[in-house]
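Before any comments, here is the structure.
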Amino acid sequence: MSGVVPGSSLNAARRARELARTAEERVDVLVVGLGATGAGAALDAASRGLGVAAIDAQDLAFGTSRWSSKLIHGGLRYLAKGQVGVAYESAVERGVLLTRTAPHLVRAHPYVLPLTPGVTGARAATVMTGYLLGDGLRRAAGTPRRLLPGPSALPAGRVGELAPVLRADGLRGGLLSWDGRVLDDARLVVAVARTAAAHGARILTRCRALELRPDGARVRDELTGEEFEIRARAVVNATGVWAGGLDPRVRLRPSRGTHLVLAAGALPGLRAGLHVPIPGESNRFALVLPQADGRVYVGLTDVAVDGPVPDVPEAPEEDVRTLLDVLNGVLEIEVPRKAVAGAYAGLRPLLAGGGHTSGHASGYGDGHTGGYGDGRGDPGAGGRTADLSRRHAVLSSGGFVTVVGGKLTTYRRMAQDAVDRAVAVRGLRAGPSRTAAIPLVGAGRPAAGTPRGLAERYGAEAAAVRPLVESCPEPVGLGLTRGDLLWSVRHEGALDAGDLLDRRTRIGLVAADRERALEAAEGMFG
């Protein structure tokens with residue numbers, strides 16, 4: 001089909017063929033986990049000419065990667081904590097996404113920090129200094145100003161135009177900053193996985209790793225229950241918060257980040273994102289992010305989570321109330337609980353301090369050693385996960401490689417570091433990483449005359465999607481049609497209704513919308 005990158009289409013028939021081959025052949029690299037980092041590792045290894053199989057017990061972006069704040073950010077918060085290397089790495093990776101690999105999915109977005117009576121002049125000056133330093137990181141990373149404008153101070157009148165929902169009484173103005181935003185984090189992962197497939201990687205969802213070894217894994221096909229072996233020269237464990245289940249040396253301190261989905265019309269007229277200072281916190285802000293359909297995301301909490309890691313974390317009522325309280329502290333009219341149409345929570349795979357020390361940590365390619373105990377300190381069972389570093393780490397003891405930590409923005413660098421380590425440890429013949437220059441599926445200019453909605457969702461592939469949408473125009477929610485669902489079945493690897501509603505689209509974020517669309521989604525597999 002015209003406009004589809006050759007070899008990029010994922011579907012049930014391809015999965016069946018490649019699963020059978022993978023059970024019979026030996027691959028160079030087995031990647032376990034198909035969130036952003038795992039899909040990125042599959043692309044990185046495959047683009048170096050290595051034979052790759054990448055598996056996941058569930059679906060693409062089933063875990064933390066679909067529960068983000070949708071930010072592709074320059075690491076300003078890390079800069080405020082003195083983590084210059086982590087901040088610079090974030091700025092570099094943001095620039096890669098904006099300029100080369102995913103300009104169709106990642107774009108600049110404005111954010112206003114309102115100068116309310118609770119924000120002192122000294123704090124405002126400190127924040128603006130941070131914004132200016134962040135703009136310096138943008139320059140150092142080589143991201144052009146035309147793609148990411150610089151910060152500025154705004155008078156109260158202009159703040160009111162951008163955010164008329166803010167309380168006018170006592171508002172002195174605002175600080176405007178710009179950062180990257182991914183339109184849909186799950187679709188970013190799908191694009192990475194399909195690009196890996198175009199380079200020859202076998203992308204196999206519903207395949208659960210039961211046991212990892214240096215030379216492969218014991219795996220169960222979750223669709224049939226059949227168990228088999230995958231033989232590999234190198235293995236990369238990229239299972240995020242579940243990494244410890246396959247590598248007991250890993251010590252993580254998961255942190256829950258909850259977001260609210262406010263109904264359309266709850267914050268009328270909001271034209272920019274908001275950074276709302278959290279009372280009692282010097283460097284933390286709640287994020288208010290308007291969506292194209294009129295809804296608004298509000299996040300996010302940072303709460304330590306103990307005990308078993310659930311497949312799908314729940315957003316507790318306590319988190320919902322906390323976020324509403326922070327938001328309502330700056331609004332003219334209070335947002336009631338009933339305006340919360342949905343909520344979601346993700347678990348950050350943060351590194352606990354004082355852990356295993358025989359591995360290799362590679363937070364920003366500085367040769368840092370010390371595995372997961374990086375000397376930054378473990379806050380302990382009652383401590384604050386907000387104080388844990390967001391650097392990532394690569395552990396290679398035990399014969400296979402585990403990569404954990406980090407954040408969505410730096411998925412590509414995490415993947416590169418993991419594959420670099422696997423290549424070195426297992427003696428594979430491969431060149432350097434190429435992924436900083438490889439456009440993801442859909443990158444490029446849409447055809448002239450393409451409807452805006454299709455262009456924003458599919459980029460250069462919009463021309464290929466359009467005939468399906470026009471032939472199956474029945475709406476299913478969020479401005480999408482049965483044709484969009486059919487595209488996801490034929491080309492994006494969706495195997496059931498949950499894949500369609502919860503990851504290929506985000507209809508499932510609101511339970512009522514999901515229920516209305518369920519019959520149409522199930523009909524795609526009739």
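Note on LYS407: lysines with a C-alpha under 23 Å away, same-chain residues under 8 apart excluded, are LYS70, LYS81. Per residue, the chain exposes 38 Å² of accessible surface when a 1.4 Å probe is rolled over the protein heavy atoms with every protein chain present. The accessible area of ASP325, taken with all protein chains in place and a 1.4 Å probe, comes to roughly 110 Å².
For the chain, the membrane-span-like helix rule (DSSP H, alpha carbon extent of at least 15 Å along the helix axis, mean Kyte-Doolittle at least 0.0) picks out 36-47, 84-96, 121-141, 185-198; this says nothing about an actual membrane.
Other residues whose C-beta falls under 10 angstrom from the C-beta of ASP56 contribute a net charge of 0, scoring Lys and Arg +1 and Asp and Glu -1. Apolar share of the accessible surface for the chain: 52 percent from carbon plus sulfur atoms, 1.4 Å probe. Near the amide H of GLY174, within less than 5 Å, lie the amide hydrogens of LEU115, LEU154, all on another chain or at least 5 residues away, with H placed in the peptide plane. Using C-alpha pairs under 8 Å with a sequence gap of at least 6, the mean separation divided by the residue count of region 384-519 gives a relative contact order of 11 percent. Other residues within the sphere of radius under 14 Å centred on the Cβ of ARG158, judged by their own Cβ, net out at +1 (K and R +1, D and E -1).
The values are calculated or read from the model by the stated rules, or taken from the named source; none is laboratory data. The shown structure was predicted, so the numbers you read here are calculated from the model rather than taken from an experiment. Cβ coordinates were reconstructed from backbone atoms using ideal geometry, including for glycine residues, and neighbour counts include every protein chain displayed. Note: areas computed on protein heavy atoms with side chains; ligands, DNA, RNA excluded. Shrake-Rupley method; radii C 1.70, N 1.55, O 1.52, S 1.80 Å.
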